[in-house]
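Visitor: Could you have a look at this structure, given as structure tokens, before my questions?
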Protein chains: 2
Amino acid sequence: MAQKPSIPKGTRDFSPAEVAKRNYISSKMKHHFEVFGFQPIETPSFENSETLMGKYGEEGDRLIFKILNSGDYLEKFNRILLQIIHKLVNDYQKIYIDLSNDKNRPSFIEHIQAIENDYDTYVARLNKELFNNEDELTIVSFKDILFLVKRHCYDTHDKVNVFINKTKEEIEQLVITIFSDFFISLKGKHMVAYISEKALRYDLTVPFARYVVQHQNEIEFPFKRYQIQPVWRADRPQKGRFREFYQCDADVVGSTSLWQEVELVQLYDAVFTDLGLGGTTIKINNRKILSGIAEVIGAKDKLIDFTVALDKLDKIGEDGVKKEMLEKGISATALEKVQPLFQFTGTVAEKIEKLNQLLATSVEGLKGVEELRFICETLEKLGLQTALIDLDVTLARGLNYYTGAIFEVVAPQVVMGSIGGGGRYDDLTGIFGLKNMSGVGISFGLDRIYLVLEELGLFPDTVSATTKALFINYGNHESLYAMEAIFKLRRAGIKVELYPDAAKIAKQFQYADKRGIPFAVIAGLSELERMEFGLKNLQTGEQVKLNFESLKKALS
Amino acid sequence: MAQKPSIPKGTRDFSPAEVAKRNYISSKMKHHFEVFGFQPIETPSFENSETLMGKYGEEGDRLIFKILNSGDYLEKFNRILLQIIHKLVNDYQKIYIDLSNDKNRPSFIEHIQAIENDYDTYVARLNKELFNNEDELTIVSFKDILFLVKRHCYDTHDKVNVFINKTKEEIEQLVITIFSDFFISLKGKHMVAYISEKALRYDLTVPFARYVVQHQNEIEFPFKRYQIQPVWRADRPQKGRFREFYQCDADVVGSTSLWQEVELVQLYDAVFTDLGLGGTTIKINNRKILSGIAEVIGAKDKLIDFTVALDKLDKIGEDGVKKEMLEKGISATALEKVQPLFQFTGTVAEKIEKLNQLLATSVEGLKGVEELRFICETLEKLGLQTALIDLDVTLARGLNYYTGAIFEVVAPQVVMGSIGGGGRYDDLTGIFGLKNMSGVGISFGLDRIYLVLEELGLFPDTVSATTKALFINYGNHESLYAMEAIFKLRRAGIKVELYPDAAKIAKQFQYADKRGIPFAVIAGLSELERMEFGLKNLQTGEQVKLNFESLKKALS
């Protein structure tokens, strides 16, 4: 079978050069994560479905990769289906017989109505009869078929029996359709629960919450953890969006201290500075400020419309923004109240002052201002290495679950979405029954950081440094001499290789060249006899004869 | 929803301490892989099903985790099913009508027989009629229903129509069974192909073969790659066997040179020596020697029985082994021919000599002896650091695909299955259409190596070294002073933390203690005023006052 091999869309192979560069980034992250006191954990690639489902909204649930139960995944479903089919075909005959004869039709309608009037009794009886009450599915399925029978057999609107004036063939066709529809609806709606109980991790936050609750007795709180693992999303693949990608998260759970927000900004600064990516902008906002604004404009439900419109300030100008806001149903008086936001310029300190006045009437809003003030003023005093702080009141990412600080990082010079983001969520573990666990965390976008470093040429050449020297293979006798040297060099941590075959010399040099190996070592018969080595620089072409010690020095 | 969270059976969470130890092992591997000239690649967690299916035998296929298609995974299957159901219910009526009347039965039988006699024409017509030839499934499904109709409606053995002497009710029941059976068989047999097109990686070898073929034009051969990634198997979980576990593979593809076998043994030696695991035994065998033995005993098909029995030599003794072999149908004369294998002792060199005589009549066997001789003699000359070589003719792992050398590593002192293994496979990439690509590789068993190091206490204490010092939090004013020091210490790569809240001092010390943090730094008001720090050793309890520079030195 000689299929042309390929990989699923949205996934990637990583070549040695790419892996080296990705490891370069993640090892920097790990270093600073640990220097900042974060500890690594790892969780399984797949979780029980109930752990993930319902945590990301309807859209999220749709994007979760589900894993088919192993073994005979249809066994249970089939057992049930078998019984239902028997029931159905029997019913079919009854209906068919009933309705092929005009005078039977009323009794059929009564039959249906009787069932409707005392549905529970009927279902209970069916369950007892068919499944000894043991199976939920029958209830649902018979609900379905009843619904379908009704929909097809008579018009619920005015209870006119649509079978009147229908030929036997038409009636048969109707009943066929009933069963068809039934099967389709049955399978689509109820099958997944029977054939899949596991799903691939969609992010690292929900598994982390699950981990904290499951291991709460082994953990010392506040717990600072980092996690660098792949996640999977059945998203439509497009440039820069993949179905398998790494998330790099650092979170603290178990304390509401704002010092953590301060540290997380310092962590961003430390990592990006170390990557040579100076001048990244760390945008900060606070969920409470957004709530405050909503309060002030007296339209909590319009908050999204408001921030989305305000975000376009530099594109479409104040008038354009206000026009859009009014169209969205935000009142003119509301706009007057937040007028300062339309000239929201100046230093972070000045912006905070403006917000302080603007939100004077909102208790929650002022709380947000105070939090922001502490974070920004402290960072001001401590200073950052290369990152810049910007207060951005339009920043609303993850509005649904953030409750305090909101962060987003934008790379300098290159146009690229955010390369990081995060925030404070006051009830991280509540979904798993552990209350009052405030968490705050940030995430690094490995793939985008990679693209930025690539575009700005910030990867050091040493990153993809390959083998230092290739020993030319002149046959087994000489190769033994070569391998003795290689053995000692490798023990000294020097990357050297022997070309495995005694191929044409030209071919071996070509191989070293294509591999980007800087040196070739000639260890032929004459070198062997003199106990020396020829070291050839493949860039300059110059060649020297050395004894082992000098060779070792030269390659170190 | 306060479910008690858990993870799927056979999977694991890794705590910070466990991650640190696992990283310690894999980083040693990576170091030596790269020193030996192997380059890292990474492949996607899931592959197209056709890439994996059929590569691991029937048992393997069963253990592959299949991923449900995303989106409406049943849409296509339902569309087809809908049409089939219509067809079926129509057929049902025909059969029902036909057979409820005795004189119709012969025509039904003819109908069936006509279909049999010109099956292809019939199926072609059905496909055209129902699906415009576009769908395979109908062919299969109608094959099925025909088969079932035949099985239930008349006895193919002597063509007696079983409907004779059956009541109308019995006939109906038969036909109901026909449809039931049909649906079950249909779904079980044909559904997976319609609802799942991706599967989780089962090992790293097949994805590597796929990678090599897909990227053959970007690769310089011989290609030495290593890969450390998780794999998934729907195996029944048990002690030491997991459904998600890491494989650590190093392979060379594109050369048949035996120097690679030599290097791979050296690589094992280098890694295990570096892990402090001296005295590991590297068992070596060769597939060609096994074939040679089979030749000599004149029973290729008995080879497995032979090696399995021979493997019990030290348990049940020569007589016991021979008894078992005879029971398995290996002739007495055959056993005489391989008599030397029952006293197969002495040095590797001596064993090779014995094999050389034993296999004198087998060309392939002698080839295997020569390969083994080169590998062992070369390693003898080069020497190993701490590993031991053992020639084990019973070693037959992966017999099905190895074609040359076979390796297996056994840990010293502790009883534990193999902690590594590998071998040469001459047609690695053939399954994907790239011929004549010989590969040889070895694998490290991360989980088992972990258990061995744990049991022998070989993990250095430094491995799980956590934060060096915890700064006690006395409130925001003092914490700013502390954070200024922390900021500078972290930039020097020293792991320090500030307790995030100004909690009771006792609680903060307790936290440091439980976290195993060796030092606490007191930076209260008095220290702040004197610009100094109190450094408390939490083991000895002794405390000193230091300025920042001395503090930095003390924590470095």
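Visitor: Please find, among B:Q247, B:Q229, B:Q216, the residue that is open to solvent by 10 Å² or more (accessible area, probe 1.4 Å), within 19 Å of B:L200 (Cα to Cα), among the polar types (S, T, N, Q) and within 12 Å of chain A (Cβ to nearest Cβ).
Guide: Unique residue meeting the criteria: B:Q229.
Visitor: Another question about this same structure. Output yes when any residue across segment B:536-544 is under 24 Å from A:H32 (Cβ atoms) and either facing chain A (nearest Cβ under 9 Å) or among the hydrophobic types (A, V, I, L, M, F, W, C) (or both), and no when none is.
Guide: No, segment B:536-544 has no match at all.
Visitor: For segment A:203-298, list the strands (runs of 3 or more DSSP E) that sit wholly inside it and hold at least 3 residues that are closer than 30 Å to A:T11 by Cβ; which are they? Walk me through it before giving the result.
Guide: Values: elements: A:223-232, A:244-253, A:281-286.
In segment A:203-298, A:223-232, A:244-253 are the strands (runs of 3 or more DSSP E) which contain 3 or more residues that are closer than 30 Å to A:T11 by Cβ.
Visitor: Still on this structure, I have one more. Taking into account only those residues within segment B:49-60 that are in contact with a helix residue (DSSP H, G or I) (Cβ under 9 Å, 6 or more places away or on another chain) and within 9 Å of chain A (Cβ to nearest Cβ), which is modelled with the highest pLDDT? Step through it out loud before you land on a result.
Guide: Taking segment B:49-60 as the starting set, the residues that turn out to be in contact with a helix residue (DSSP H, G or I) (Cβ under 9 Å, 6 or more places away or on another chain) are B:49, B:51-56, B:60.
Checking the rest, the ones that are also within 9 Å of chain A (Cβ to nearest Cβ) come to B:51, B:54.
Numbers: B:T51: 94, B:G54: 86.
That would be B:T51.
Visitor: Additional query: Sort out which residues of segment A:381-435 are aliphatic (A, V, I, L, M), part of a loop (DSSP other than H, G, I, E, B) and under 19 Å from A:G365 (Cβ atoms), and write them in order of number.
Guide: Matches in segment A:381-435: A:V393, A:L395, A:A396, A:L399.
Visitor: Does A:K488 satisfy being free of Cβ contacts under 8 Å to residues at least 40 places away in the same chain, part of a helix (DSSP H, G or I) and among the charged types (D, E, K, R)?
Guide: In short, no.
Visitor: Here is a check on your reading of the model: is B:D392 within 28 Å of A:M483 (Cβ to Cβ) and modelled with pLDDT of 90 or more?
Guide: yes
Visitor: Look through B:E371, B:E336, B:E327, B:E380 and report the one residue that is open to solvent by 50 Å² or more (accessible area, probe 1.4 Å) and at pLDDT 95 or above. Reasoning before the result, please.
Guide: Details: B:E371 fails: open to solvent by 50 Å² or more (accessible area, probe 1.4 Å); B:E336 fails: at pLDDT 95 or above; B:E327 fails: at pLDDT 95 or above.
Among B:E371, B:E336, B:E327, B:E380, only B:E380 is open to solvent by 50 Å² or more (accessible area, probe 1.4 Å) and at pLDDT 95 or above.
Table: residues versus (1) over 30 Å from B:F36 (Cβ atoms); (2) open to solvent by 20 Å² or more (accessible area, probe 1.4 Å); (3) of a type outside the set (V, I, T).
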| position | (1), (2), (3) |
| --- | --- |
| A:E408 | yes, yes, yes |
| A:V414 | yes, no, no |
| A:Y425 | yes, no, yes |
| A:I431 | yes, yes, no |
| A:G457 | yes, yes, yes |
| A:A469 | no, no, yes |
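Visitor: Let me ask something else. What pairs come up if the first residue lies in segment B:368-388 and is within 13 Å of chain A (Cβ to nearest Cβ) and among the aromatic types (F, W, Y), the second is open to solvent by 20 Å² or more (accessible area, probe 1.4 Å) and assigned to a helix (DSSP H, G or I), and their beta carbons are under 8 Å apart, counting only those six or more places apart or on different chains?
Guide: Pairs found: B:F374/A:N476.
Visitor: Filter segment A:237-273 for residues that are touching a Pro at 6+ places or on another chain (Cβ under 7 Å) and under 28 Å from B:N69 (Cα atoms) and give the result.
Guide: A:R243, A:E244, A:F245, A:Y246
Visitor: Testing A:A20 on (1) assigned to a helix (DSSP H, G or I); (2) out of contact with any Ser or Thr (no Cβ under 9 Å at 6 or more places or on another chain), one condition comes back false. Which one is that?
Guide: (2)
Visitor: Among (1) closer than 26 Å to B:Y511 by Cα; (2) open to solvent by 10 Å² or more (accessible area, probe 1.4 Å); (3) at the interface with chain B (Cβ under 9 Å from one of its Cβ atoms), which single condition is A:V262 missing?
Guide: Result: A:V262 fails condition (2) only.
Visitor: Tell me which of these B:E34 doesn't satisfy, since it passes every other one: (1) more than 8 Å from chain A (Cβ to nearest Cβ); (2) part of a helix (DSSP H, G or I); (3) of a type in the set (D, E, K, R).
Guide: If we test B:E34 against (1) more than 8 Å from chain A (Cβ to nearest Cβ); (2) part of a helix (DSSP H, G or I); (3) of a type in the set (D, E, K, R), just (1) comes out false.
Visitor: Go through (1) more than 49 Å from the chain's Cα centre (by Cα); (2) surrounded by 14 or more Cβ atoms within 10 Å (Cβ to Cβ); (3) of a type in the set (V, I, T) for A:V521 and report which single condition fails.
Guide: (1)
Visitor: Next question. With B:A523, B:A485 as the choices, which residue is out of contact with any Asp or Glu (no Cβ under 7 Å at 6 or more places or on another chain) and either more than 30 Å from B:R241 (Cα to Cα) or within 12 Å of chain A (Cβ to nearest Cβ) (or both)?
Guide: Among B:A523, B:A485, only B:A485 is out of contact with any Asp or Glu (no Cβ under 7 Å at 6 or more places or on another chain) and either more than 30 Å from B:R241 (Cα to Cα) or within 12 Å of chain A (Cβ to nearest Cβ) (or both).
Visitor: Still on this structure: Kindly provide the set of residues from segment B:4-17 that are facing another protein chain (nearest Cβ under 8 Å) and in contact with a strand residue (DSSP E or B) (Cβ under 9 Å, 6 or more places away or on another chain), ordered by number.
Guide: Matches in segment B:4-17: B:P5, B:S6, B:I7, B:P8, B:T11, B:R12, B:D13, B:F14, B:S15, B:P16.
Visitor: A further question follows. Kindly check whether there is at least one residue in segment A:500-509 that is open to solvent by 40 Å² or more (accessible area, probe 1.4 Å), free of Cβ contacts under 8 Å to residues at least 60 places away in the same chain, more than 9 Å from chain B (Cβ to nearest Cβ) and in a loop (DSSP other than H, G, I, E, B).
Guide: Yes, some residue in segment A:500-509 is open to solvent by 40 Å² or more (accessible area, probe 1.4 Å), free of Cβ contacts under 8 Å to residues at least 60 places away in the same chain, more than 9 Å from chain B (Cβ to nearest Cβ) and in a loop (DSSP other than H, G, I, E, B).
Visitor: Follow-up question, since we're still on this one. Search segment A:339-349 for residues being in a helix (DSSP H, G or I) and modelled with pLDDT under 90, and hand back the single one that is surrounded by the most Cβ atoms within 10 Å (Cβ to Cβ).
Guide: In this case the residue turns out to be A:L341.
Visitor: Could you grab me the full set of residues in segment B:433-446 that are surrounded by fewer than 22 Cβ atoms within 10 Å (Cβ to Cβ) and within 13 Å of another protein chain (Cβ to nearest Cβ)?
Guide: B:G433, B:L434, B:K435, B:S438, B:L446
Visitor: Can you name every residue in segment A:515-534 that is in contact with a Phe, Trp or Tyr (Cβ under 9 Å, 6 or more places away or on another chain) and either under 16 Å from A:S479 (Cβ atoms) or charged (D, E, K, R) (or both)?
Guide: Taking segment A:515-534 as the starting set, the residues that turn out to be in contact with a Phe, Trp or Tyr (Cβ under 9 Å, 6 or more places away or on another chain) are A:517, A:520-525, A:527-528, A:531-533.
Hits for segment A:515-534 are A:A520, A:V521, A:I522, A:A523, A:G524, A:L525, A:E527, A:L528, A:M531, A:E532, A:F533.
The values are calculated or read from the model by the stated rules, or taken from the named source; none is laboratory data. All of these numbers come straight from a predicted model, not from anything done at the bench. So basically every Cβ, Gly included, is an ideal-geometry build from the backbone, and we count neighbours across all protein chains shown. Accessible surface areas use protein heavy atoms only, side chains included; no ligands, DNA or RNA. Shrake-Rupley method; radii C 1.70, N 1.55, O 1.52, S 1.80 Å.
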